[in-house]
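What follows is one structure encoded as structure tokens, with my remarks underneath.
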Amino acid sequence: MSEGFDTDFLGGDNSVPLPNLTGETAMQALNEGQQFPFMHFSIVMNKSRRFLIYGANNVDRNLMKEVTRGNSDWHFDLRIGQENQVGNELYRNNNWDRGHMVRRRDVCWGSMEEAVKGNYDSFCWANIVLQNAQINQGIWNEIEEWMLNNEDNVQNKLSIFTGPIFTGNDQEYCGTGQKPGCGIKIPAGFWKAMFYADSSNTLHSAAFIVKQDEFWTDNVGSTLENLESYQVPLRTVSDLTGIEFEDRLYQTNPLFYRSSSMTIRAGIAAPEFNKLRTASDLILKRKSI
């Protein structure tokens with residue numbers, strides 16, 4: 001069984017390389033951004049925050065298997081080191097969900113052996129982040145299904161990147177019975193970027209963010225409603241995270257930065273934010289400027 005994110009998963013000329021890390025994100029990366037392979041996904045860790053920087057996974061709906069969730073499967077990954085992962089001590093006796101970044105169901109495909117391994121690997125603490133229950137159990141958890149069911153996604157396949165959004169105002173949370181100064185902070189929000197190929201073998205993408213912390217009050221955070229999911233330009237994800245995709249991938253995204261005379265004079269970037277309530281709210285065709 002081969003493990004890790006497959007950059008050529010979508011076939012043809014539609015390679016989706018793993019992104020580069022820049023600035024503070026690169027400086028905080030564990031082992032200079034080492035990619036840890038799991039069944040159908042890879043993870044890059046933040047050694048300072050002890051959460052992942054991003055997870056990258058492939059999903060093939062044609063080969064999905066039903067696998068029992070198995071809540072007893074929580075575990076540390078020894079390659080990453082327990083000291084670089086946040087375990088169950090942060091989630092006991094509180095309202096925070098153990099939020100999968102790479103979605104469990106998304107990696108339960110292939111042979112039954114591969115699906116079972118993907119299910120188990122998804123419960124690694126390296127893949128888990130403090131997540132508001134309304135995000136983990138709401139629309140945010142449905143976006144992959146919407147994208148897989150998109151009629152233009154003729155392969156029924158996706159290459160997905162996802163992770164937390166860290167800001168300078170993130171609030172410390174040490175969990176029940178732990179003293180302040182633990183160094184663990186609640187991420188301001190989360191992001192996803194998904195790639196697929198249409199019937200003409202053209203690569204497309206869609207990107208999303210959600211805010212979960214009212215303390216995220218910079219020029220982006222202040223414009224977002226808490227716990228609401230938004231579709232955004234792929235460039236917005238990079239601006240928020242320091243994660244840079246290959247240049248051509250930004251052109252696969254249907255949303256733009258739209259400037260007005262006022263924002264131009266003020267030197268303010270004006271990305272589109274498209275609020276999502278149902279699958280019909282998705283914008284998957286590039287609109288005219």
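Nothing in this text is a laboratory measurement; each read-out follows from the coordinates by a stated rule. Since the model is a prediction, treat every value here as computed from it, not as a measurement. Ideal geometry is used to build each Cβ from the backbone, glycine not excepted, and the neighbour counts take in all protein chains shown.
With both labels modelled 7 Å from their Cα along Cα-to-Cβ, the D281 to E214 distance reads 2.1 nm. Annotation for the range 136-226: GluC sites (Glu not before Pro) lying in DSSP loop with at most 13 further Cβ atoms inside 10 Å of their Cβ are E151, E214, E225. Between E142 and R79, the distance separating the two model label sites (each 7 Å from Cα on the Cα→Cβ line) works out to 3.5 nm. A convex hull fitted around the alpha carbon atoms of the chain yields 135 Å³ per residue.
FRET efficiency for the V154 to S72 pair, using the beta carbon distance and R₀ = 51 Å, is estimated at 0.85.
Which of the three applies to the range 1-101, rounded, prolate or oblate, going by the alpha-carbon gyration tensor with a ≥ b ≥ c and a/c under 1.5 meaning rounded?
It is oblate, given that a/c is not under 1.5 and a/b is not larger than b/c.
The ranking of C108, C174, C124 by Cβ neighbour count inside 10 Å, starting from the fewest, reads C174, C124, C108. Here the sum of -39500 (n - 2.57) over DSSP H runs of 4 or more residues, divided by the residues of the chain, equals -3500 deg cm²/dmol at 222 nm, to the nearest 500.
For the chain, the relative contact order works out to 17 percent when only alpha carbon pairs closer than 8 Å and six or more residues apart are counted.
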